[in-house]
1. On the protein heavy atoms, probe 1.4 angstrom, tell me the percent of accessible surface of the stretch 198-299 carried by carbon and sulfur.
2. Taking Cα atoms, how many degrees apart are the long axis of helix 141-150 and the longest axis of the chain, rounded to 10 and kept between 0 and 90?
3. Ignoring everything except DSSP H segments at least 4 long, calculate the 222 nm mean residue ellipticity for the chain; use -39,500 (n - 2.57) per segment, divide by total residues, nearest 500.
4. Using a Gaussian network model of the chain with C-alpha springs under 10 Å, which one of A125, A142, A211 is most mobile by mean-square fluctuation?
5. Once amide H atoms are built 1.01 Å from N in the peptide plane, which residues 5 or more positions from T91, or in another chain, come under 5 Å H to H?
6. Calculate, axis by axis, the spread of Cα positions in the stretch 271-324 along the three principal axes, and write the results as whole Å, longest axis first.
7. If one takes the longest principal axis of the Cα atoms in the chain, at what angle in degrees, from 0 to 90 and to the nearest 10, does the Cα axis of helix 6-27 lie?
8. Per-residue HN-Hα couplings for the stretch 63-72, Karplus 6.51 cos²θ - 1.76 cosθ + 1.60 at θ = phi - 60°, whole Hz, x for Gly and Pro?
Amino acid sequence: MNAITRRHALALGSTTLLLPSALRAQSAWPSGPVTFVVGYAAGGSSDINARELAHIMSPILGQQIIVDNKGGATGSIGLRAVANAKPDGYTLFYAVSTNVIINPHVQKGMIDTLTTLVPICQTTAYQYVLAVHPKVPANTAAELVALARKEPDKLTFSSSGVGGNNHLAGALFAQAAGIQIIHVPYKGTGPALADVISGQITMNFSSLPPAVGQVKAGNLRALAVTGEKRIKSLPDVPTLKEQGIDVVVNGWHGIFAPAKTPDALLDKIEQQAKRAMKDPKWEEALSKDGLELPPDRTRAQFAKFVADEHAFWGKKLKELKIEME
């Protein structure tokens, strides 16, 4: 056996001191505030949802979660900020599905979200409602399709912008039904829906929070929802698939980290986020906002889901010839 000199012993000792300190730095996460970056201005649905999760999750972490709004380019400014951040678990992206799934295919010069970000967990699931002005002579999606065929290129649908899920829902609806309807993009859901309520626009595939109250007040008529099943807030409204139109459009929120974030740290963030999502207050918050709990996926399953969605929409967007100017 070789003798261990004092110099060897000191060298070995210094190495063993270095390894635990690195591990301690990672295991101590978080030792300071964590930031959720949201790619939209304050007050929107994703901002509200991120703040609700931050409020529930902060006590679990023992550190404050700060929501940082970096609006612009339909969420891509915030996305780029996180992609360029240090992969240490302190800067995370609270994403809307379109940010990481649609934007890379429709925005010129967009970064590759599959290689610059890593999925951690899905936090919500939601769908859209096909709503028309009450004076539109259609009580079902099938009657709306018949009206569009009778009056080609006269029916209009509004959206919150090119490439958003409500734009895609309208484009897929027209493709599946074999009809022509005119897309009118707006800068936000509010004005897009307001012009349906006023009668200037025929229809909108609206997110649920702004539409449900208007439907119940009689200012809009709901003809269909876009998911696989009906929703609690509008139980009498059938899905498009129930009405023979093979279209499903779902949205979701999720937490992402910069690429190269260590797996052990990603596992820890996932674990703490899911602890927060099991709090009854989270489901209450989702219900209030017209959202639902997401499927119970592991981090690996969520990553595969994101990759599959990215591939599906890449192909579909080429078919629909949708791109942003």
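The values are calculated or read from the model by the stated rules, or taken from the named source; none is laboratory data. Treat the numbers as computed from the prediction; the structure is a model and nothing was measured. SASA here: full protein model, heavy atoms, side chains in, ligands and nucleic acids out. Shrake-Rupley method; radii C 1.70, N 1.55, O 1.52, S 1.80 Å.
1. Carbon and sulfur atoms account for 47 percent of the accessible area of the stretch 198-299.
2. For 141-150 against the chain, the angle is about 60 degrees.
3. Result for the chain, helices only: -14000 deg cm²/dmol.
4. Highest fluctuation of the listed residues: A142.
5. When sequence neighbours closer than 5 places are left aside, the close amide H contacts are T35.
6. The principal-axis extents, from largest down, are 42, 27, 16 Å.
7. 20 degrees
8. Whole-Hz 3J(HN,Hα) from phi for the stretch 63-72: 9, 6, 9, 9, 9, 10, 7, 10, x, x.
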